[in-house]
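The values are calculated or read from the model by the stated rules, or taken from the named source; none is laboratory data. Small disclaimer: the values here were computed from a predicted structure and weren't measured. Note that each Cβ is placed from the backbone with ideal geometry, even for glycine, and that neighbours are counted across all protein chains shown.
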């Protein structure tokens, strides 16, 4: 019997050959101009050869003044040639993949030694007091840069863009209730949501290609007071009414897919990607996926996150569930079959083994290198290093040992 995971799914006017996707995972491996470097090529060549039906190119920045990573991929006019060459090359490996670019701006979580932190809230979020308050004119400039980036993605051959409204980046900072003071995109929910709506409308209008996919990755609930999905600027109570209104409004304006996420790696990392010591947080994502699926039209594709932690059902400290009913394969098929999600995306697992989809499809599941959720890939990211899997990739194993010998153990685990 054919599995749900290996049935095609239509996203807008594109069709993904299967329902296993790759989430946007930063590698910190661009060249000095922000173009894909040799390690970027190496990672994505494997991902395109790995059999997944949908791939989201990692947080690619439309400017370099406010960034969170050294060697972050960029998407500016200077990058069109490099990105076009990159996409063309990957298409020779697999032309069936639906390939989108995740457009980002770091805002208050920009790295202060690499760039400058900026904020849109009069009161700075705790821990980000050094961020400079910006006004409507600067926000408009950022929106102009993101719209231009979408045009460049289109011209470079991408199938679409993911307008990033998740994980504590600028989109989240504007959308969350903590953005309480009145300005064009602040205060009431009607004002806060308008940023996402205006940006989506502009991208669709100015790219002007019905085949070009526009969607968003959304943190349905960030998990801290005043974050996305909370009842108010000081409330820790979950209230998903704004998140639901957001995704429905994006759909009304032409979004063809929503990538469900939760948490913010800079604040609530274990919610964003379940920690191996408390893996059960992954089940919350199933609920958030169902909320999306229940509130969107059938043709709007819901893409679910936080599946890597389930592995093959073994080796993770889940309680009350037998391993054979708690794997990526089990939950992917079950959640698609039961209308929880339409497609699943893997994050950390893509570093451990980019060939998961192909190995499952070919009956080689016993050959899969399962992510151990050690989070060493996150440590590489935090330390501004090229990111890879230190469990299965010897050069990264060696580099992690060198880093810890030089700098000691990581004190705090948040990006």
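Summary of values
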quantity: Region 6-31 residues that are modelled with pLDDT of 95 or more, paired with ones that are surrounded by fewer than 21 Cβ atoms within 10 Å (Cβ to Cβ) and in a strand (DSSP E or B) (beta carbon under 6 Å, 6 or more apart); calculated: 8/15
quantity: From the options 275, 198, 245, 234, residue that is assigned by TED's automatic domain parsing to the domain that holds residue 152, farther than 26 Å from residue 298 by Cα and touching a helix residue (DSSP H, G or I) at 6+ places or on another chain (Cβ under 8 Å); calculated: 275
quantity: Residue 369 vs. criteria assigned to a helix (DSSP H, G or I), over 21 Å from the mean Cα position of the chain (by Cα) and assigned by TED's automatic domain parsing to the domain that holds residue 8; calculated: no
quantity: Exclusive hit being in contact (Cβ under 8 Å) with a residue 24 or more places away in the chain, out of contact with any helix residue (DSSP H, G or I) (no Cβ under 8 Å at 6 or more places or on another chain) and within 18 Å of residue 217 (Cα to Cα), set 54, 99; calculated: 54
quantity: Residue 190 more than 20 Å from residue 235 (Cβ to Cβ) and either surrounded by fewer than 21 Cβ atoms within 10 Å (Cβ to Cβ) or more than 20 Å from the chain's Cα centre (by Cα) (or both); calculated: no
quantity: Qualifying residue in region 205-214 (condition: at pLDDT 95 or above, assigned by TED's automatic domain parsing to the domain that holds residue 290, under 17 Å from the mean Cα position of the chain (by Cα) and more than 22 Å from residue 124 (Cα to Cα)); calculated: yes
quantity: Which listed residue is touching a helix residue (DSSP H, G or I) at 6+ places or on another chain (Cβ under 8 Å), assigned to a helix (DSSP H, G or I) and in the same structural domain as residue 357 (by TED's automatic domain parsing), from 79, 66; calculated: 79
quantity: Residue match in region 80-95 (condition: touching a strand residue (DSSP E or B) at 6+ places or on another chain (Cβ under 9 Å) and on the phi > 0 side of the Ramachandran plot); calculated: no
quantity: Looking only at region 72-81, and only at residues there that are in contact (Cβ under 8 Å) with a residue 60 or more places away in the chain and crowded, with 22+ Cβ neighbours inside 10 Å, the one that is nearest to residue 161 (Cα to Cα); calculated: 75
quantity: Flag for residue 248 being over 17 Å from residue 166 (Cα atoms) and surrounded by fewer than 19 Cβ atoms within 10 Å (Cβ to Cβ); calculated: no
quantity: Any hit, region 167-179, residues being out of contact with any helix residue (DSSP H, G or I) (no Cβ under 9 Å at 6 or more places or on another chain), crowded, with 19+ Cβ neighbours inside 10 Å, touching a residue at least 40 places away in the same chain (Cβ under 8 Å) and over 22 Å from residue 259 (Cα atoms); calculated: yes
quantity: Options 321, 302: the member that is without any contact (Cβ under 8 Å) to a residue 12 or more places away in the chain and not in a helix (DSSP H, G or I); calculated: 321
quantity: Residue among 285, 281 that alone is within 30 Å of residue 327 (Cβ to Cβ), in a helix (DSSP H, G or I), outside the structural domain of residue 379 (by TED's automatic domain parsing) and in contact with a strand residue (DSSP E or B) (Cβ under 8 Å, 6 or more places away or on another chain); calculated: 285
quantity: Out of 386, 333, sole residue that is surrounded by fewer than 24 Cβ atoms within 10 Å (Cβ to Cβ), within 22 Å of the chain's Cα centre (by Cα) and closer than 28 Å to residue 114 by Cβ; calculated: 386
quantity: Test for residue 2: is it in a loop (DSSP other than H, G, I, E, B) and free of Cβ contacts under 8 Å to residues at least 12 places away in the same chain; calculated: yes
quantity: Identity of the residue in region 123-171, part of a loop (DSSP other than H, G, I, E, B) and more than 28 Å from residue 269 (Cα to Cα), that ends up farthest from the chain's Cα centre (by Cα); calculated: 135
quantity: Residue 276 being surrounded by fewer than 23 Cβ atoms within 10 Å (Cβ to Cβ) and under 16 Å from residue 19 (Cα atoms); calculated: no
quantity: Qualifying residue in region 35-47 (condition: more than 20 Å from the chain's Cα centre (by Cα), in a loop (DSSP other than H, G, I, E, B) and at pLDDT 95 or above); calculated: yes
quantity: Selection count where residues are surrounded by 17 or more Cβ atoms within 10 Å (Cβ to Cβ) and more than 19 Å from residue 380 (Cα to Cα), scope region 23-48; calculated: 3
